[in-house]
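Below: one structure, written as structure tokens.
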Amino acid sequence: MPQCHATMNAPLCQPIPIAADTLPAYRIRQSPRARHVSLRITPADGLVVVVPRGFDERRIPALIDAQRQWIDARLARLRTGARDEPWQRPTHIELPAVGERWALDYRPTPVPGSRVRITARPNGVLRVSGAGDSAAPLCAALRRWLKRRAKPTLTARLSALADTHGFVYRRTTIRLQRSRWGSYSTRGTISLNAMLLLVPPALVDHVLLHELCHTVHIDHGDDFAACLARLDPDAPQQRAALRQAWTAMPDWVSR
Ligand SMILES: [Zn+2]
């Protein structure tokens, strides 16, 4: 059975999109060497979609839509000139969803290039060992940690809300995605984005209630809207706040 996908071609069961509805401007570049479609953002050209020869360009809007969060964040960074700033590793991580603030404690690396390890210590300290001064491995390690941290919290909150309101689903998966906050598959799996830990609890609940309503109403029709309005009267405002929240995502989670 299909799963929800954040594409423009999915009329049913669409997950909660993060970005606004119109696509950003883009250029298409055909590359004889390209084997897959790739998206590039440069100061000179903006968003460029590199496609292999013979690629059906009608598929491009959906591909862009699926990577919307990442694209919007990168374009916003270009506009503000943030690209000129050198990479600054984070000193703290705030998790509003659970009211936590973690201080990052970078340890010198005995072996250059060693795998980054992140360990939670007492008093809200996250110890980083390994190649913590290199952006890509550090960000990847932080994202892995965020997923681990998100799993028990989001799973338990979803279960509690389902019990309270009488919803049934089969399982939960926690992912880290750039295009959706959550989705529901008709197999009964609710998938939640670990980045939800970076937004306030009310917005987390909004996403969870949205997906729980999908266990009864698969599309976004009137019955679905009534279900969500009953459980989350501020749904339209929450939805707008979620879109806004993406623009405030820290660099390490969106890069
Ligand atoms: Zn939905």
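Values in this text are rule-based calculations from the coordinates and carry no lab data. Because the structure is a prediction, the values reported are computed rather than measured. A quick note on method: Cβ atoms are made from the backbone with ideal geometry, for glycine too, and the neighbour counts reach across all protein chains shown.
Within the listed set Leu212, Leu231, Leu176, the Gaussian network model of the chain (springs between alpha-carbon atoms below 10 Å) gives the highest mean-square fluctuation for Leu231.
When the Cα positions of Pro43, Thr186, Leu95 are compared along the charge dipole of the chain, Pro43 comes out farthest toward the positive end, with charges on each C-beta of Lys, Arg, Asp and Glu.
Whole-Hz Karplus values for region 167-181 come out as 9, 10, 9, 8, 8, 10, 10, 10, 10, 10, 10, 9, 10, 8, 7 Hz, taken residue by residue from phi with 6.51 cos²θ - 1.76 cosθ + 1.60 and θ = phi - 60°; glycine and proline positions read x.
Placing unit charges on the Cβ atoms only, positive for Lys and Arg and negative for Asp and Glu, gives the chain a dipole magnitude near 1280 debye about its Cα centre.
Pick from Asp65, Asp56, Asp234: which residue has the top mean-square fluctuation in a GNM of the chain where Cα pairs under 10 Å get a spring? Among Asp65, Asp56, Asp234, the largest mean-square fluctuation in the Gaussian network model of the chain belongs to Asp56.
Between Ala34 and Ala202, the FRET efficiency from the beta-carbon distance, with R0 = 35 Å, is close to 0.20.
Projecting the Cα atoms of Leu142, His206, Tyr169 onto the charge dipole of region 123-255, computed from C-beta unit charges around the Cα centre, puts Leu142 farthest toward the positive end. Computed over the chain with a Gaussian network model linking Cα atoms closer than 10 Å, the most mobile of Pro152, Pro200, Pro122 is Pro122. Straightening the chain between Arg243 and His92 buys 52.1 nm, computed as 0.36 nm per residue apart minus the Cα-Cα spacing. Gyration tensor analysis over the Cα atoms of region 123-245 returns equivalent ellipsoid semi-axes of 30, 15, 13 Å (largest first, whole Å).
Rounded to the nearest 500, the 222 nm mean residue ellipticity of the chain from helices alone is -11500 deg cm²/dmol, with -39,500 (n - 2.57) taken per DSSP H run of at least 4 residues. Extension gain, Arg115 to Asp223: 0.36 nm times the residue separation minus the Cα-Cα distance gives 34.0 nm. Modelled label positions at Arg101 and Arg175, each set 7 Å beyond Cα in the direction of Cβ, lie 3.3 nm from each other. Considering only beta bridges that DSSP places wholly inside region 163-255, some 40 percent are antiparallel.
Kirkwood radius and radius of gyration were both taken over the C-alpha atoms of the chain, and their ratio Rg/Rh is 0.99. Overall shape: prolate for region 89-160, with the ratio a/c of the largest to smallest alpha carbon gyration tensor axis at 1.5 or above and a/b above b/c.
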